[in-house]
Amino acid sequence: MSPGRDLEHFSDSVDDMFRRLGLPDPVVMATLSSEWDELAGPPWTGRSKPLYIKGTTLVVEASSASMVAFLRYGEKGLIEVLEERLGGGVVTGVEIRAPGR
């Protein structure tokens, strides 16, 4: 290391790398996966699971094809809850997919 060069925390470097690659923060996805039922609440609990984040869109898998339309009615409320818990701009949209798609 050269004199005068500041040390950078490893986590900052990893966060920067994820941003440059357009990947979501892995901590956010881990939080969504492990706390989904508590975060999402009704009607999402037991009827869906988070798959991944694409940009700022959370991709969610519905438990059945018939649940897709039903869950679309709850998108706005889910986004509001996630903004409160994860911070603004992390999840700004939700894409709901049928299982196996």
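So the values come out like this:
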read-out	value
Cβ-defined net charge surrounding residue 76, 15 Å radius [Lys, Arg +1; Asp, Glu -1]	-4
The range 78-84 - phi-based ³J(HN,Hα) in whole Hz, Karplus 6.51/-1.76/1.60, Gly and Pro as x	5, 4, 4, 5, 5, 4, 5
Ratio of Rg to Rh over the range 29-101 (Cα coordinates, Kirkwood Rh, two decimals)	0.92
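Computed from the coordinates by the stated procedures, all read-outs in this text should not be read as laboratory data. In this text, all values refer to a predicted model and were calculated from it rather than measured experimentally. Heads up, the Cβs are rebuilt from the backbone with ideal geometry, glycines too, and the neighbour counts pull from every protein chain shown.
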